[in-house]
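One structure below.
Here, each number is a calculation from the coordinates, and none is a lab measurement. Since the model is a prediction, treat every value here as computed from it, not as a measurement. In this analysis, Cβ positions are derived from the backbone assuming ideal geometry, glycine residues included, and neighbour counts consider all displayed protein chains.
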Amino acid sequence: MSIPNVHRLIPKFLRVNGLTANSNELSHNYGTYKIYSINEHGPFSEKIGDFEDENYLYMNEKNLVRHKSLNNESQSYAKRYYSTKEGSKPNKLLHIYGRRCYATKPENVKGKLMHEIQKPIETFDDKVTVVGIGAVGMACAFSILSQGISNNLVLIDMFENKLEGEMMDLQHGSLFLKDPKITASTDYAVSAGSRVCVVTAGVRQKDNESRTDLLQRNADLMKNIIPHLVEYSPNAVLLIVSNPCDVLSYVAWKISGFPMTRIIGSGTNLDTSRFRYMIANRLNIAPASVHAWIIGEHGDTSVAVWSALNVAGVRLRDINPKIGTREDPDRWEDIHKEVVLSAYNVIKKKGYTNWAIGLSVTSMVHSILKNMNSVHAVSTLIKGLHGVKEEVYLSLPCTLGQRGVLGVIQQVLTPTEREALQKSARIMAELIKGVHI
Ligand SMILES: NC(=O)c1ccc[n+]([C@@H]2O[C@H](COP(=O)([O-])OP(=O)(O)OC[C@H]3O[C@@H](n4cnc5c(N)ncnc54)[C@H](O)[C@@H]3O)[C@@H](O)[C@H]2O)c1
């Protein structure tokens, strides 16, 4: 067996299985494996044995002291090895590698309690990373975990202590969840292989700071965050929540080099939820049974699609032709105004919004992970749709699945709704022009 091969193989194996056999450790191994030593003569200087299943190898500070169940050939090899090494310094480390082998301490409770046949498999099929663990990031994390949408959650932020605190706090609730794997780090390596990355990192507006300056600071944040996510999760869908989320989704798309289908802005999914809730309240019907959409900007220029609002296929416009207009005596239009002001109103009272956006993000992550093809109002590249000429990200109802946005529902908009969407697009294009990517 050539030493360089072993040298290459072992660290890889060790990384995968987390195996190191130190002095004083018992190695309890399954499968065919080989043992090499590291001593003062250098790494992997000699092979000391080939062992079959269920062999035990004990070491103390000085040397191998006893071994059980070794086949004869291996026993004599090991004895020969140690007798020829008498007088030399003790081995520092013994590395073991092979198909299916790992080490446990005999005296440790876990080793006595359980006869471990194989290492648990770590599956990354539902791995989700949340970048930014502020109010929004943690609401997303909590909602994703408590609904069992992902069992493999990663938190990333800039502050180690806070990360550790949030991670521990969530981990302590594992009993009530589905034994999720929760990791946290400032190092993006932990996010490797994520299926969905949710970006909620953001900086808050400073005193006297213009919206454009704030936008540039948050765009700079994307320049810092997105390349790491791309590097470690090249096949992920990136879900941009940070505000202004339409412009930042565009920026993330440009930076990432990903197809537009895999960069999604959380967009008006939340506005749509607020809209449905408020209409549902008026009608005394559950929000899920009210079919209504807010499209366009996640913000002041959003568009309420009154023409499509229906319950069980009954269009409210057929009952009230003035619905959503200024002439409507029932003033349904006020609901849209309230939707637009919702974030401001909540922030005025509690400082931030988080629970509803956490739930909204979770519903999108669910559709992506489970490849559900369900329709959400999300921010996507809408150039060419509804007469929009600008290359901008804005929300339209989209089907979401494993590879991100699968399609855009072509709503039949009224001329007023179309115009409002086009106006929203022109404003977005102006904002994008001012950003240095
Ligand atoms: N799209 C929506 O519907 C929606 C709704 C609510 C809030 N938001 C937006 O979400 C963002 C977060 O809001 P919040 O209330 O959680 O803010 P917050 O200040 O509580 O948290 C922001 C977090 O981002 C972290 N962060 C900053 N720079 C970072 C970087 N370079 N790398 C990693 N982490 C970094 C901060 O440490 C902080 O933990 C804001 O932009 C907010 O406007 C969007």
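By how many nm would the segment from L385 to V346 grow when fully extended, if each residue of separation counts as 0.36 nm and the alpha-carbon distance is taken off?
Values: separation 39, 0.36 × 39 = 14.04 nm, distance 3.29 nm.
Extra length from L385 to V346 when fully extended: 10.7 nm.
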- line: Here the residues of the range 230-270 lying in the modelled label zone of I409, meaning backbone nitrogen under 19 Å from a point 7 Å along Cα-to-Cβ, are 264-270
query: Mind listing the phi-derived Karplus ³J(HN,Hα) values for the range 319-329, rounded to whole Hz, using 6.51, -1.76 and 1.60 with θ = phi - 60°, and x for any glycine or proline?
result: 7, 10, x, 9, 4, x, 9, 5, 7, 5, x
- line: Between E338 and I117, Cβ-based FRET efficiency (R0 45 Å, step 0.05) works out to 0.15
- prompt: Can you give me the Cα centroid spacing of the range 295-352 and the range 358-435 in angstrom?
  reply: 18
- request: In whole Hz, with x marking every Gly and Pro, tabulate ³J(HN,Hα) for the range 253-259 from phi via Karplus 6.51 cos²θ - 1.76 cosθ + 1.60, θ = phi - 60°.
  value: 4, 5, 6, 6, x, 6, x
- line: Any residue on another chain or 5+ positions along whose placed amide H is under 5 Å from the amide H of K127 is listed here as R195
statement: Residues other than R331 with Cβ under 14 Å of its Cβ, Lys/Arg counted +1 and Asp/Glu -1, net out at -2
task: May I ask you to order 372-383, 296-307 by the average number of other C-beta atoms within 10 Å around their residues, highest value first?
output: 296-307, 372-383
Long-range amide H partners of S374 with built H, under 5 Å: L400
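Sorted from largest to smallest, which semi-axis lengths in Å does the alpha carbon gyration tensor of the range 132-225 give for its equivalent ellipsoid, taking the root of 5 times each eigenvalue? Could the numbers behind the result be given before it?
Details: eigenvalues 151, 37, 29 Å².
For the range 132-225, the semi-axes come out at 27, 14, 12 Å.
To check you understand DSSP bridge types, tell me what percent of the beta bridges within the range 127-265 (both residues inside) are antiparallel, rounded to 5. Please list the in-between numbers first.
Numbers: 0 of 21 bridges.
The antiparallel fraction comes to roughly 0 percent.
Sort T200, T325 by Cβ crowding within 10 Å, fewest neighbours at the top.
On the way: T200 28, T325 13.
Going from least to most buried by this count: T325, T200.
Based on the mean of other Cβ atoms within 10 Å per residue, sort peptides 413-421, 395-403, 284-292 so the most packed one is first. If you can, show how the numbers build up before the last one.
Working: 413-421: 16.8, 395-403: 22.2, 284-292: 13.9.
Going by the mean number of other Cβ atoms within 10 Å, highest first, we get 395-403, 413-421, 284-292.
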- prompt: Separation between the D328 and K370 pseudo-spin-labels, each 7 Å from Cα along Cα→Cβ, expressed in nm?
  reply: 3.2
statement: With a ≥ b ≥ c from the Cα gyration tensor eigenvalues, square-rooted, and the rule rounded for a/c under 1.5, otherwise prolate when a/b > b/c and oblate otherwise, the range 269-433 is rounded
field: Amide N of the range 400-434 lying under 19 Å from the label point, which is placed 7 angstrom from the Cα of Q147 along Cα→Cβ
entry: 400-406
- request: Convert each backbone phi in the range 395-412 into a coupling constant with the Karplus relation 6.51 cos²θ - 1.76 cosθ + 1.60 (shift: θ = phi - 60°), then list the ³J(HN,Hα) values in order as whole Hz, x for Gly and Pro.
  value: 8, 9, x, 10, 7, 10, x, 3, 9, x, 6, 9, x, 10, 6, 8, 5, 8
task: Please label the shape of the range 194-288 as rounded, prolate or oblate, based on the square roots a ≥ b ≥ c of the eigenvalues of the alpha-carbon gyration tensor (a/c under 1.5 means rounded; beyond that, a/b larger than b/c means prolate, else oblate).
output: oblate
Qualifying GluC sites (Glu not before Pro) in the range 147-214, DSSP loop, other Cβ atoms within 10 Å at most 14: E209
statement: The extension gain from A312 to E430, computed as 0.36 nm times the residue separation minus the Cα-Cα distance, is 38.5 nm
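Just subtract the alpha-carbon distance of A189 and T212 from 0.36 nm times their residue separation and send over the number in nm, one decimal. Display every interim value, and only then the final one.
Values: separation 23, 0.36 × 23 = 8.28 nm, distance 3.21 nm.
Full extension of this stretch gives 5.1 nm more.
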